[in-house]
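The values are calculated or read from the model by the stated rules, or taken from the named source; none is laboratory data. Bear in mind that the values here come from a model prediction, so they are computed numbers and not experimental data. Quick reminder, even Gly has a Cβ in these numbers, built from the backbone with ideal geometry, and neighbours come from all protein chains shown. Just so you know, the surface numbers come from the protein's heavy atoms only, side chains and all, with ligands and any DNA or RNA stripped out. Shrake-Rupley method; radii C 1.70, N 1.55, O 1.52, S 1.80 Å.
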Amino acid sequence: MSRIGNKPVTIPAGVEVKVAENNVVTVKGPKGEMTKELNSRIAINVNGSEITFTRPTENKNDRALHGLVRTLVNNMIIGVTEGFAKVLEINGVGYRAQKQGNKLVLSLGYSHPVEFEEPAGITFELEGQNKITVKGMDKEAVGQIAAEIRFKRPPEPYKGKGIKYADERIRRKEGKTGKK
């Protein structure tokens, strides 16, 4: 029994959910509209203000898909009502971020500035010069863009310089010790 897959998803007020052929789910809400094609083995039933999910067999793959499909639909509903955000922090002398139009320009100690264009549906917000917030409706896209920004200068374990998630802890290492 999938504990997650068996839980019904409640549809909040102001959100409209439609399920078309081949499990194409469309969710409309105050922040926008999302459409995603989900696996057709899992049956999606919209009953009033609840969505339930049923699987055809107790097969291992069907059990795994049961929870996955429910979580994807739930994330779509959360995305169109509240949205998702990831906060990145920049640590290091001379490392900073600035926004120029719809571009994020990062100075990360390289000989050139690193630029990121805002993709469709994603926005960058800056708090000072060292905190970047990546916001959007699609949880997957927000996480991917945040990971790509972090990849440009991951935090190093000796001084902690680089880009890290706000809730990430960096395991620090001790430096070299001199001979005596």
Look at E125 and say whether it is surrounded by 14 or more Cβ atoms within 10 Å (Cβ to Cβ) and in contact with a strand residue (DSSP E or B) (Cβ under 8 Å, 6 or more places away or on another chain). no
Under the condition of being charged (D, E, K, R) and closer than 28 Å to G14 by Cα, which residue from the range 63-88 is most open to solvent (accessible area, probe 1.4 Å)? E82
Please go through the range 112-158 and pick out each residue that is free of Cβ contacts under 8 Å to residues at least 40 places away in the same chain, within 21 Å of P30 (Cα to Cα) and assigned to a strand (DSSP E or B). I122, T123, F124, E125
Please work out if A97 is without any contact (Cβ under 8 Å) to a residue 40 or more places away in the chain, part of a helix (DSSP H, G or I) and either more than 25 Å from K36 (Cβ to Cβ) or of a type in the set (A, V, I, L, M) (or both). no
Of all residues in the range 10-62, which are crowded, with 16+ Cβ neighbours inside 10 Å and part of a helix (DSSP H, G or I)? N23, D62
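Would you be able to say whether some residue in the range 73-91 is among the β-branched types (V, I, T) and in contact with a Ser or Thr (Cβ under 7 Å, 6 or more places away or on another chain)?
Initially, the range 73-91 is screened for residues among the β-branched types (V, I, T), giving 73, 77-78, 80-81, 87, 90.
Remaining after also requiring in contact with a Ser or Thr (Cβ under 7 Å, 6 or more places away or on another chain): 87.
For the range 73-91, residues among the β-branched types (V, I, T) and in contact with a Ser or Thr (Cβ under 7 Å, 6 or more places away or on another chain): present.
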Spot the failing condition for K179; the list is (1) exposed (fewer than 14 other Cβ atoms within 10 Å of the Cβ); (2) charged (D, E, K, R); (3) in contact with a strand residue (DSSP E or B) (Cβ under 9 Å, 6 or more places away or on another chain), and only one is missed. (3)
Tally the residues that are open to solvent by 60 Å² or more (accessible area, probe 1.4 Å) and either of a type in the set (S, T, Y) or under 19 Å from D167 (Cα atoms) (or both), restricting the search to the range 97-122. 2
In the range 131-152, which residues are of a type in the set (D, E) and under 9 Å from the mean Cα position of the chain (by Cα)? D138, E140
Mind checking which pairs have a first residue in the range 6-26 that is touching a residue at least 12 places away in the same chain (Cβ under 8 Å) and on the phi > 0 side of the Ramachandran plot and a second that is polar (S, T, N, Q) and part of a loop (DSSP other than H, G, I, E, B), Cβ under 8 Å, 6 or more apart or different chains? N22/S40; N23/N39; N23/S40
